[in-house]
Amino acid sequence: MKVVIFCGGMGLRMRELSRDLPKPMLTVGDKPILWHLMNYYAHHGHREFVLCLGYQGQAIKQYFLKKQEDVSENDFVLSNGSIQHLPSEMNDWSITFVDTGLHTSIGQRLKKVQHLLQDEPMFMATYGDNLTDAPINEMASVFSQQPNRTAMFLCVHPSQSFHLVRMTGASSDTQVVGFESSTTSDLWINGGFFLFRPDIFNNLSHGEDIVPDALNRLAAQGRLSAWRHEGFWAAMDTPKEMFTLDSIYSTGHAPWAKWTHAGESEQPQP
(Lines give C-alpha, C1' and ligand atoms only; values in the text may rest on other atoms or scores of the structure.)
Protein backbone atom coordinates (compact mmCIF):
# COMPACT_ATOMS: atom_id res chain seq x y z
CA MET A 1 0.00 0.00 0.00
CA LYS A 2 1.31 3.48 -0.85
CA VAL A 3 2.23 5.79 2.02
CA VAL A 4 1.99 9.57 1.62
CA ILE A 5 4.15 11.55 4.07
CA PHE A 6 3.61 15.27 4.50
CA CYS A 7 7.07 16.67 5.13
CA GLY A 8 6.97 20.16 3.64
CA GLY A 9 6.06 22.41 6.58
CA MET A 10 8.36 25.07 7.97
CA GLY A 11 8.37 23.74 11.55
CA LEU A 12 8.12 27.18 13.14
CA ARG A 13 8.02 25.85 16.71
CA MET A 14 11.33 24.08 16.01
CA ARG A 15 12.90 27.04 14.22
CA GLU A 16 15.93 27.21 16.53
CA LEU A 17 16.85 23.70 15.32
CA SER A 18 15.39 23.69 11.81
CA ARG A 19 16.81 26.82 10.19
CA ASP A 20 19.05 24.75 7.93
CA LEU A 21 17.13 21.47 7.90
CA PRO A 22 13.44 20.62 7.51
CA LYS A 23 11.90 19.22 10.69
CA PRO A 24 11.62 15.65 9.27
CA MET A 25 15.43 15.66 8.99
CA LEU A 26 15.98 16.43 12.69
CA THR A 27 17.42 13.33 14.30
CA VAL A 28 16.22 10.82 16.85
CA GLY A 29 19.33 8.88 17.74
CA ASP A 30 21.56 9.18 14.70
CA LYS A 31 18.75 9.04 12.11
CA PRO A 32 16.15 11.60 10.94
CA ILE A 33 12.67 11.18 12.38
CA LEU A 34 11.51 10.68 8.76
CA TRP A 35 13.75 7.58 8.54
CA HIS A 36 12.14 6.19 11.72
CA LEU A 37 8.67 6.83 10.33
CA MET A 38 9.45 5.16 6.99
CA ASN A 39 11.00 2.17 8.76
CA TYR A 40 7.84 1.82 10.85
CA TYR A 41 5.76 1.48 7.68
CA ALA A 42 8.33 -0.67 5.87
CA HIS A 43 8.49 -3.05 8.83
CA HIS A 44 4.76 -3.68 8.32
CA GLY A 45 5.20 -4.30 4.60
CA HIS A 46 4.44 -0.84 3.19
CA ARG A 47 7.49 0.32 1.25
CA GLU A 48 6.11 2.55 -1.53
CA PHE A 49 6.41 6.14 -0.35
CA VAL A 50 5.28 9.50 -1.73
CA LEU A 51 7.05 12.38 0.02
CA CYS A 52 5.26 15.75 -0.20
CA LEU A 53 8.15 18.21 -0.03
CA GLY A 54 8.23 21.94 0.63
CA TYR A 55 10.54 23.80 3.01
CA GLN A 56 14.16 22.65 2.50
CA GLY A 57 12.93 19.74 0.37
CA GLN A 58 16.32 19.51 -1.30
CA ALA A 59 17.82 18.37 2.02
CA ILE A 60 15.45 15.40 2.09
CA LYS A 61 16.33 14.45 -1.49
CA GLN A 62 20.03 14.74 -0.78
CA TYR A 63 19.79 12.59 2.35
CA PHE A 64 18.30 9.63 0.50
CA LEU A 65 20.59 10.00 -2.51
CA LYS A 66 23.61 10.10 -0.24
CA LYS A 67 22.36 7.13 1.74
CA GLN A 68 22.03 5.10 -1.44
CA GLU A 69 25.35 6.11 -3.00
CA ASP A 70 27.79 6.83 -0.18
CA VAL A 71 29.75 3.82 1.08
CA SER A 72 30.10 5.53 4.46
CA GLU A 73 26.31 5.18 4.89
CA ASN A 74 26.13 1.47 4.08
CA ASP A 75 27.80 -1.85 4.72
CA PHE A 76 29.93 -2.97 1.80
CA VAL A 77 32.53 -5.48 0.66
CA LEU A 78 35.85 -4.24 -0.74
CA SER A 79 37.40 -6.93 -2.93
CA ASN A 80 40.13 -6.60 -5.56
CA GLY A 81 39.64 -2.86 -5.66
CA SER A 82 35.89 -3.01 -6.31
CA ILE A 83 33.07 -2.14 -3.92
CA GLN A 84 29.98 -4.28 -3.49
CA HIS A 85 27.17 -2.71 -1.46
CA LEU A 86 25.48 -5.08 0.97
CA PRO A 87 21.69 -5.02 1.33
CA SER A 88 20.26 -2.18 3.43
CA GLU A 89 16.79 -1.45 4.77
CA MET A 90 16.10 0.78 1.76
CA ASN A 91 16.84 -1.79 -0.95
CA ASP A 92 13.18 -2.58 -1.57
CA TRP A 93 11.83 0.92 -0.95
CA SER A 94 10.31 3.03 -3.71
CA ILE A 95 10.33 6.77 -2.92
CA THR A 96 8.63 9.41 -5.06
CA PHE A 97 9.75 12.97 -4.23
CA VAL A 98 7.20 15.68 -5.11
CA ASP A 99 7.68 19.41 -4.57
CA THR A 100 4.25 20.49 -3.26
CA GLY A 101 5.12 24.10 -2.43
CA LEU A 102 6.47 26.14 0.44
CA HIS A 103 3.28 27.49 2.03
CA THR A 104 0.85 24.77 0.91
CA SER A 105 -1.64 23.31 3.39
CA ILE A 106 -1.68 19.58 4.12
CA GLY A 107 -4.88 19.11 2.14
CA GLN A 108 -3.51 20.88 -0.91
CA ARG A 109 -0.25 18.91 -0.69
CA LEU A 110 -2.38 15.78 -0.92
CA LYS A 111 -4.21 17.21 -3.96
CA LYS A 112 -0.86 17.78 -5.68
CA VAL A 113 -0.08 14.03 -5.55
CA GLN A 114 -3.60 12.88 -6.49
CA HIS A 115 -2.36 11.60 -9.86
CA LEU A 116 -0.13 9.10 -8.03
CA LEU A 117 -2.99 7.74 -5.90
CA GLN A 118 -6.20 7.80 -7.93
CA ASP A 119 -5.86 4.15 -9.02
CA GLU A 120 -5.18 2.86 -5.49
CA PRO A 121 -8.05 1.04 -3.70
CA MET A 122 -6.83 2.79 -0.54
CA PHE A 123 -3.65 4.44 0.71
CA MET A 124 -1.98 5.57 3.93
CA ALA A 125 -0.92 9.09 4.88
CA THR A 126 0.77 10.74 7.83
CA TYR A 127 2.59 13.83 9.04
CA GLY A 128 6.39 13.73 8.99
CA ASP A 129 6.91 14.31 12.71
CA ASN A 130 4.78 11.75 14.61
CA LEU A 131 5.76 8.30 15.86
CA THR A 132 3.59 5.46 17.16
CA ASP A 133 3.49 1.74 17.81
CA ALA A 134 -0.11 1.47 16.55
CA PRO A 135 -0.97 -1.80 14.75
CA ILE A 136 -1.24 -0.18 11.35
CA ASN A 137 -2.00 -3.43 9.51
CA GLU A 138 -4.86 -4.27 11.86
CA MET A 139 -6.18 -0.76 11.35
CA ALA A 140 -5.93 -1.19 7.55
CA SER A 141 -7.67 -4.57 7.71
CA VAL A 142 -10.66 -3.12 9.57
CA PHE A 143 -10.84 -0.15 7.19
CA SER A 144 -10.81 -2.47 4.18
CA GLN A 145 -14.01 -4.04 5.56
CA GLN A 146 -15.75 -0.65 5.72
CA PRO A 147 -16.48 0.09 2.04
CA ASN A 148 -18.88 2.88 2.98
CA ARG A 149 -16.10 4.82 4.75
CA THR A 150 -13.76 7.19 2.93
CA ALA A 151 -11.27 7.78 5.74
CA MET A 152 -10.00 6.41 9.03
CA PHE A 153 -7.58 8.14 11.37
CA LEU A 154 -5.67 7.23 14.50
CA CYS A 155 -7.15 8.62 17.72
CA VAL A 156 -4.75 9.00 20.66
CA HIS A 157 -4.62 10.55 24.10
CA PRO A 158 -2.82 13.91 24.44
CA SER A 159 0.77 13.39 25.50
CA GLN A 160 0.89 16.46 27.75
CA SER A 161 -0.82 16.95 31.09
CA PHE A 162 -2.33 20.22 32.27
CA HIS A 163 -4.36 21.69 35.12
CA LEU A 164 -8.04 22.58 34.90
CA VAL A 165 -9.08 25.80 36.64
CA ARG A 166 -12.49 26.02 38.37
CA MET A 167 -13.88 29.57 38.60
CA THR A 168 -17.07 31.33 39.64
CA GLY A 169 -18.82 33.88 37.47
CA ALA A 170 -18.21 34.88 33.87
CA SER A 171 -16.35 38.19 34.20
CA SER A 172 -12.69 38.65 33.27
CA ASP A 173 -11.85 39.21 36.95
CA THR A 174 -13.38 36.23 38.68
CA GLN A 175 -12.69 34.15 41.75
CA VAL A 176 -10.72 30.92 41.41
CA VAL A 177 -12.21 28.14 43.50
CA GLY A 178 -9.70 25.39 42.79
CA PHE A 179 -7.40 23.46 40.51
CA GLU A 180 -7.80 19.91 39.23
CA SER A 181 -5.05 17.79 37.72
CA SER A 182 -6.15 16.78 34.28
CA THR A 183 -6.53 13.17 33.28
CA THR A 184 -6.26 12.54 29.58
CA SER A 185 -7.92 9.13 29.73
CA ASP A 186 -11.20 10.55 28.41
CA LEU A 187 -9.64 12.95 25.88
CA TRP A 188 -8.88 11.93 22.31
CA ILE A 189 -7.05 13.86 19.60
CA ASN A 190 -6.12 13.29 15.97
CA GLY A 191 -2.89 11.26 15.95
CA GLY A 192 -2.06 12.08 12.34
CA PHE A 193 -2.00 8.56 10.89
CA PHE A 194 -4.63 8.21 8.14
CA LEU A 195 -6.14 5.69 5.76
CA PHE A 196 -7.96 7.04 2.71
CA ARG A 197 -9.89 5.82 -0.29
CA PRO A 198 -9.47 7.85 -3.49
CA ASP A 199 -12.86 9.54 -3.10
CA ILE A 200 -11.20 11.67 -0.41
CA PHE A 201 -10.34 13.91 -3.36
CA ASN A 202 -14.05 14.43 -4.10
CA ASN A 203 -14.35 15.88 -0.61
CA LEU A 204 -11.33 18.17 -0.75
CA SER A 205 -11.99 21.36 -2.70
CA HIS A 206 -9.44 23.95 -3.79
CA GLY A 207 -7.99 25.77 -0.79
CA GLU A 208 -9.39 23.31 1.76
CA ASP A 209 -7.47 21.23 4.29
CA ILE A 210 -7.93 17.62 5.39
CA VAL A 211 -8.60 18.72 8.97
CA PRO A 212 -11.11 20.16 9.57
CA ASP A 213 -12.66 20.69 6.12
CA ALA A 214 -12.68 17.25 4.47
CA LEU A 215 -12.98 15.19 7.66
CA ASN A 216 -15.83 17.31 9.03
CA ARG A 217 -17.69 16.80 5.76
CA LEU A 218 -17.09 13.04 5.88
CA ALA A 219 -18.14 12.87 9.53
CA ALA A 220 -21.44 14.57 8.70
CA GLN A 221 -22.00 11.96 5.97
CA GLY A 222 -21.17 9.02 8.28
CA ARG A 223 -18.11 8.14 6.18
CA LEU A 224 -15.34 8.68 8.73
CA SER A 225 -13.90 6.15 11.19
CA ALA A 226 -11.52 6.54 14.12
CA TRP A 227 -9.15 3.93 15.50
CA ARG A 228 -8.61 4.35 19.24
CA HIS A 229 -5.02 3.62 20.21
CA GLU A 230 -4.06 3.31 23.88
CA GLY A 231 -0.39 2.58 23.17
CA PHE A 232 2.58 4.78 22.35
CA TRP A 233 2.20 7.96 20.34
CA ALA A 234 4.30 11.12 20.31
CA ALA A 235 4.56 14.26 18.21
CA MET A 236 7.86 16.09 17.76
CA ASP A 237 6.69 19.71 17.79
CA THR A 238 9.25 21.22 20.18
CA PRO A 239 12.94 20.74 21.05
CA LYS A 240 11.88 19.21 24.38
CA GLU A 241 9.82 16.57 22.58
CA MET A 242 12.73 15.84 20.24
CA PHE A 243 15.08 15.31 23.19
CA THR A 244 12.47 13.07 24.86
CA LEU A 245 12.21 10.86 21.76
CA ASP A 246 15.99 10.77 21.51
CA SER A 247 16.21 9.64 25.15
CA ILE A 248 13.61 6.89 24.58
CA TYR A 249 15.44 5.64 21.49
CA SER A 250 18.76 5.55 23.35
CA THR A 251 17.35 2.87 25.68
CA GLY A 252 17.21 0.40 22.78
CA HIS A 253 13.51 -0.25 23.45
CA ALA A 254 11.75 2.52 21.54
CA PRO A 255 8.10 1.40 21.15
CA TRP A 256 7.83 2.57 17.53
CA ALA A 257 11.07 0.88 16.40
CA LYS A 258 9.56 -2.57 16.05
CA TRP A 259 12.17 -3.51 13.44
CA THR A 260 14.66 -3.67 16.35
CA HIS A 261 12.43 -5.82 18.58
CA ALA A 262 12.91 -9.52 17.97
CA GLY A 263 9.63 -11.43 17.95
CA GLU A 264 7.38 -8.35 18.21
CA SER A 265 6.44 -7.81 14.57
CA GLU A 266 3.03 -7.56 13.01
CA GLN A 267 2.33 -9.76 10.05
CA PRO A 268 3.45 -7.70 7.03
CA GLN A 269 0.90 -6.95 4.33
CA PRO A 270 1.63 -5.99 0.72
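Can you tell me the FRET efficiency between SER94 and LEU187 if r is taken as the Cβ-Cβ distance and R0 is 41 Å, rounded to the nearest 0.05?
Working: r = 38 Å, r/R0 = 0.92.
Here the calculated transfer efficiency is 0.60.
Taking the simple approach of a point 7 Å from Cα along Cα-to-Cβ for both MET10 and HIS253, what is their distance in nm?
Output for this residue pair reads 4.2 nm.
Sort 230-236, 121-127 for me by packing, meaning the mean count of neighbouring Cβ atoms within 10 Å per residue, highest on top. Please list the in-between numbers first.
Working: 230-236: 17.9, 121-127: 20.7.
With the highest mean Cβ count within 10 Å placed first, the list reads 121-127, 230-236.
For ASP173, ASP237, ASP186, write out the residues from largest to smallest accessible area, computed with a 1.4 angstrom probe and no ligands counted.
ASP173, ASP186, ASP237
Accessible area per residue for the range 93-193 in Å², computed with a 1.4 Å probe and the full protein assembly in place, what is it? Walk me through the numbers before you get to the answer.
Values: 5240 Å² over 101 residues.
Value returned for the range 93-193: 52 Å² of accessible area per residue.
At a probe radius of 1.4 Å, what is the per-residue accessible area of PHE153, in Å² to the nearest 10?
Looks like 30 Å² after rounding.
Which pairs in the list LYS111/LYS240; LYS112/LYS258; LYS2/LYS31; LYS67/LYS111; LYS2/LYS112 are over 26 Å apart, alpha-carbon to alpha-carbon?
Too far apart for the 26 Å limit: LYS111/LYS240; LYS112/LYS258; LYS67/LYS111.
What nm distance separates the two modelled labels at GLN58 and SER171, each placed 7 Å from Cα along Cα→Cβ?
Simple spin-label model gives 6.0 nm for this pair.
Around SER225, which amide H atoms from residues at least 5 apart in sequence, or from another chain, sit under 5 Å from its own amide H, with H modelled in the peptide plane?
Result for SER225 returns ALA151, MET152, PHE153.
If amide hydrogens are placed 1.01 Å from N in the peptide plane, which non-local residues have theirs closer than 5 Å to the one on GLY191?
Excluding prolines and chain starts, which carry no amide H, the hits are LEU154, CYS155, VAL156.
The values are calculated or read from the model by the stated rules, or taken from the named source; none is laboratory data. Source: prediction; values computed, not measured. Virtual Cβ from ideal backbone geometry, glycine too; neighbours counted across all protein chains shown. Ligands, DNA and RNA are excluded from the accessible area calculation, which covers all protein heavy atoms including side chains. Shrake-Rupley method; radii C 1.70, N 1.55, O 1.52, S 1.80 Å.
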